Structures are given as C-alpha cells and as structure tokens.
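Comments concern the structure below.
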Amino acid sequence: MTGRLMLLDTASLYFRAYFGVPDSVRAPDGTPVNAVRGLLDFIDRLVKDHHPDRLVACMDADWRPAWRVELIPSYKAHRVAEEQPSGPDTEEVPDTLTPQVPVIEEVLDALGIARVGVPGYEADDVIGTFTARADGPVDIVTGDRDLYQLVDDARDIRVLYPIKGVGTLQLTDEAVLREKYGVDGRGYADLALLRGDPSDGLPGVPGVGEKTAAKLLAEYGDLAGIVAAAEDPASRITPAQRRRLTEARGYLEVAPKVVRVAADVPLPAVDTALPRTPRDPAALEALATRWGLGGSLQRLLGTLGE
C-alpha cells in the first residue's frame with residue numbers, strides 16, 4: 001500500500017454534512033439528500049486539496065462494540081435509541097439522516113471508492129488498522145479527536161480535523177498536539193482516558209481534568225508510570241491525586257482497551273486506489289437521477305478524472 005493514503009471517518013463527515021447543508025437540498029421526490037450531497041462535496045474538496053493516491057471510506061459496522069461495553073458499561077450508553085437482543089444497538093440518529101446512509105453507501109460503491117466496515121468494530125478501529133499497516137503517509141479525516149492518538153510525525157501520519165466544512169482544516173501533527181494538549185500522539189489516548197469524555201460515556205478520573213492529566217503525563221511519562229507513582233509512597237504525587245488514582249484503579253485497568261483504537265482488525269481485501277472513473281457508471285447514473293445528485297456528483301467525477 002504505497003502512496004498517500006486518505007482515511008475518511010465517514011459517519012463523522014456525513015453527520016457534519018447533514019448539519020452543515022440545509023435540508024432544503026432534496027431529491028426530485030422531496031426526500032432530503034443534504035448529507036449525501038454534502039459528503040460528495042467534502043470528498044471533492046479533500047481530493048482536490050490534498051491529492052491522495054488511495055482513499056478509504058471507513059464505516060461503523062458496530063458503533064458500540066459489545067467488548068467495549070463489557071469493560072465500561074457507560075460507553076456511549078446515552079446515545080442508544082434502542083437496545084437490540086442481537087447485533088449492534090440502534091444509535092440515536094436524526095430521522096431524515098437515517099435513510100440517506102444507504103444512499104451514501106450505494107454512491108460510494110458505484111464510484112469505486114473503497115468502503116470498509118468490519119463487524120464488531122468501529123470506524124476508528126478500521127482506521128487504526130489501516131494506519132498500522134500503511135507503509136507511506138496517511139491523512140485521517142475526522143471530526144473525532146480520539147483519533148489524535150494515531151498522529152505520528154516519524155511516519156507522516158496526521159489528522160485533518162474540520163473546523164468549518166472541510167475547506168478549513170486543522171492539520172494536526174505532533175507540534176499541534178503538544179501546543180494544545182501538552183502530549184504527542186502516543187500520549188493522547190492516556191490523556192483522554194484520564195480526563196474522560198462525556199460524549200463517549202467515559203467517566204475519567206474524578207478531579208483530574210485535561211491540564212492535570214497533561215502535567216501527570218509530563219512528570220511520569222505514561223499511564224503505567226502514573227499508576228506506579230500512585231502506588232509508590234516515596235513518589236512526589238500529591239495526596240489528593242494519589243487518592244483519586246487509587247480509587248479509580250478499576251477504571252484505569254480497563255480504560256486503555258476501550259479508548260485505544262484497535263490495530264488488528266481483520267480487514268477485507270479491497271482496492272484502495274483512488275478511482276479515476278466510476279466502477280459502475282450505469283448504477284451511478286441511476287442513483288444521480290433518482291436522488292438528484294446534480295453538481296455535487298459531477299464536480300467529484302471531474303476531480304477524480306483530473
């Protein structure tokens with residue numbers, strides 16, 4: 001897998017498209033297609049501005065994997081719309097976005113853009129595994145800061161974090177992470193699990209916020225070093241911090257597996273090369289007509305063909 005690889009956190013991007021593009025953007029039958037067209041516009045801009053050689057749309061085959069929930073039951077619990085006896089729980093998603101997701105998938109497939117989701121894993125894990133296996137530079141496009149943990153200057157792995165649409169991106173490398181959070185990519189997961197994240201249902205260590213977590217990591221190197229300091233009566237850790245960390249020991253034992261993205265997902269064999277022409281022109285034309293994809297699709301086709 002040579003050349004620059006671009007990995008899309010697809011759900012993160014189509015959620016942004018859905019909320020960023022008016023729902024007055026509709027198919028001929030009146031069905032909203034704002035997420036579909038917005039995502040196509042995002043991909044067009046990303047390819048035009050960053051020139052990837054390979055592109056993968058990474059999907060959430062399981063947005064709340066059972067193996068993570070078993071370790072931390074609160075993981076994403078507040079986002080569950082309906083619990084399922086078998087298979088992934090249903091996530092709370094706006095009513096007019098849900099029907100657009102299959103359309104997005106069909107359009108990506110007809111274009112020939114690799115689309116990968118693996119049962120039992122989130123898109124983050126798919127991204128983590130592609131990144132681990134890459135032998136060239138990687139651009140990860142996501143609005144999820146959890147993926148900052150993959151940033152690695154030595155391997156030219158960076159996160160393109162949308163600030164406004166995808167026209168304004170924060171190119172996140174280790175210098176940006178050190179300036180904003182006081183850690184590098186390797187340290188970001190430890191920072192996140194110490195600090196906690198209400199949006200993912202991660203409690204963190206009570207009383208340890210982002211700045212305290214960064215100071216502890218600077219002092220003791222990593223989570224293992226912090227835990228060892230909390231257990232060492234001779235360490236310089238404060239009594240309050242020692243107590244908080246000791247009381248949170250159970251959480252700290254399981255949180256790393258939950259917070260750190262997997263790097264060993266069984267990925268299917270896919271062609272990740274950036275398509276220059278559609279894989280299925282007839283299917284794409286039918287989708288364009290059915291859903292009124294108009295200029296968004298034509299612009300992307302023009303960019304891919306350049």
Scope the stretch 171-192; condition assigned to a strand (DSSP E or B) and of a type in the set (A, V, I, L, M); matching residues: LEU171
Answer from VAL227, VAL261, VAL270 - the residue that is crowded, with 17+ Cβ neighbours inside 10 Å, part of a loop (DSSP other than H, G, I, E, B) and either out of contact with any Pro (no Cβ under 6 Å at 6 or more places or on another chain) or of a type in the set (S, T, N, Q) (or both): VAL261
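Condition check ((1) exposed (fewer than 15 other Cβ atoms within 10 Å of the Cβ); (2) within 26 Å of the chain's Cα centre (by Cα); (3) of a type in the set (Gly, Ala, Ser); (4) more than 21 Å from LYS48 (Cβ to Cβ)) across all residues:
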{"site": "ARG276", "(1), (2), (3), (4)": "yes, yes, no, no"}
{"site": "PRO281", "(1), (2), (3), (4)": "yes, no, no, yes"}
{"site": "GLU285", "(1), (2), (3), (4)": "yes, no, no, yes"}
{"site": "LEU297", "(1), (2), (3), (4)": "no, yes, no, no"}
{"site": "GLY305", "(1), (2), (3), (4)": "yes, no, yes, no"}
Turns out the helices (runs of 4 or more DSSP H) fully within the stretch 1-75 with at least 1 residues that are modelled with pLDDT of 95 or more, in the same structural domain as ARG155 (by TED's automatic domain parsing) and closer than 18 Å to GLN100 by Cα are 10-20, 34-50
Of the residues in the stretch 106-145 that are acidic (Asp, Glu) and at pLDDT 95 or above, the one that is nearest to LEU267 (Cα to Cα) is ASP125
Would it be correct to say that THR168 is surrounded by fewer than 20 Cβ atoms within 10 Å (Cβ to Cβ) and over 24 Å from LYS257 (Cβ atoms)? yes
What tally of residues in the stretch 76-90 results from selecting those that are at pLDDT 80 or above and surrounded by fewer than 17 Cβ atoms within 10 Å (Cβ to Cβ)? 3
Within the stretch 164-220, which residues are within 21 Å of VAL141 (Cα to Cα) and among the hydroxyl-bearing types (Ser, Thr, Tyr)? THR168, THR172, TYR181, TYR188, SER199
Anything in the stretch 193-216 that is part of a helix (DSSP H, G or I) and surrounded by fewer than 16 Cβ atoms within 10 Å (Cβ to Cβ)? List them, or say none. PRO198, SER199, LYS211, LYS215
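The values are calculated or read from the model by the stated rules, or taken from the named source; none is laboratory data. Small disclaimer: the values here were computed from a predicted structure and weren't measured. Because the Cβ atoms are built from the backbone with ideal geometry, glycine has one as well, and the counts that use them run over all protein chains shown.
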